[in-house]
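Right, one structure below, let's go through it.
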Amino acid sequence: MIVSYFGLENTTKQLPKYTANTSWSDDFYNRLATYSVPMNGYFDDSIRNTAVKRGVVAQALAYLSEGMSMYSLNNSVNFLLESGISTGQGTVDMKDVLSMFGYKNNLTRAQIVTFLYRMENKKYNRLSTDVKNVYSQSASLSITEVANTGKDRIDARLRLGNNSVEKAGNPQGVTVEQAEKILREALSLSPTSEGPDYIFQVYEYNGTHNATLDWYGVNMQTGKWYDWLMAQ
């Protein structure tokens, strides 16, 4: 909903997930990542499949609408309450504004619909200049670096999972699936993977049965492929 509401641009960049299977949510998270939105789940489907906390969504909405000065948990919750986008979940005499907002509580679909409806009515429906600048700068950066920055924006009390091992545009981790893709494209074959160092036994059909063509490896740090037997 947030992606559609703010009209976040499509991207061809793809996040390297710890969970390798493709998901219907990949496109949305890839787009959120290019704007460095405070959000958990960039690299892990299991986190995406859990309920999002109200505090995380508050940070995301305030960041997209109001920019860098408002994305902290305290500022974002105050923004939603003071602007009338949320009325909170506790009593108004509570001293702790975060608890009054219910920042650790799960966000429901009805609640996000209400937030966005009120934001539209109050004209909080455009991306902040800060966020537009982040998006422009992200074109020259790794999507992983930008996503890591967005994830780090989340208040530590609400942050889930690990950042990606790929930092500052310098890949330092290749998944088995990515290694398979590297060899598949290089050799026009479909390898079978095994081993901790991404070693692949590649077969070819000789007319009667499958026979081993060769053994290949993919460096898990750089993604460079090599002839494993020749390297022994």
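The values are calculated or read from the model by the stated rules, or taken from the named source; none is laboratory data. Worth saying up front: this structure is predicted, and the values here are computed from it rather than measured. With ideal geometry, Cβ positions are generated from the backbone for all residues, glycine too; neighbour counts draw on all protein chains shown.
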Query - Filtered residues of region 66-89 (kept if of a type in the set (D, E, K, R) and touching a residue at least 40 places away in the same chain (Cβ under 8 Å)) - result: Glu66
Requested in this report: Return yes when Tyr71 is at pLDDT below 95, buried (at least 19 other Cβ atoms within 10 Å of the Cβ) and either among the hydroxyl-bearing types (Ser, Thr, Tyr) or not assigned by TED's automatic domain parsing to the domain that holds Ala139 (or both) and no when it is not.
Outcome: yes
Query - Candidate set from region 80-115 (those that are over 14 Å from Arg54 (Cβ atoms) and among the hydroxyl-bearing types (Ser, Thr, Tyr)); member that is surrounded by the most Cβ atoms within 10 Å (Cβ to Cβ) - result: Ser83
Requested in this report: Provide a single number: the residues in region 197-232 that are of a type outside the set (D, E, K, R), within 28 Å of the chain's Cα centre (by Cα) and modelled with pLDDT under 75.
Outcome: 6
Query raised in the report: So which pairs qualify, if the first residue must be in region 20-36 and at pLDDT below 90, the second must be among the charged types (D, E, K, R), the Cβ gap must be under 6 Å, and the two must be at least 6 apart or on different chains?
Result: Ala20/Glu177; Ser23/Asp45
Report task. Residues that are over 27 Å from Lys122 (Cα atoms) and not β-branched (Val, Ile, Thr): find the helices (runs of 4 or more DSSP H) completely inside region 1-109 holding 2 or more of those. Result -> 26-34, 45-48
Query raised in the report: Hey, among Val56, Val52, which residue is farther than 16 Å from Ala147 by Cα and in contact (Cβ under 8 Å) with a residue 40 or more places away in the chain?
Result: Val52
Requested in this report: Would you mind finding the one in Lys132, Lys123 that is in the same structural domain as Thr12 (by TED's automatic domain parsing), in a helix (DSSP H, G or I) and not acidic (Asp, Glu)?
Outcome: Lys132
Requested in this report: Report, by residue number, each residue of region 135-151 that is in a helix (DSSP H, G or I) and crowded, with 16+ Cβ neighbours inside 10 Å.
Outcome: Tyr135, Ser138, Ile143, Thr144, Glu145, Val146, Ala147, Asn148, Thr149, Gly150, Lys151
Query raised in the report: Based on what the data block shows, is Arg118 at pLDDT 90 or above, surrounded by 16 or more Cβ atoms within 10 Å (Cβ to Cβ) and not hydrophobic (A, V, I, L, M, F, W, C)?
Result: yes
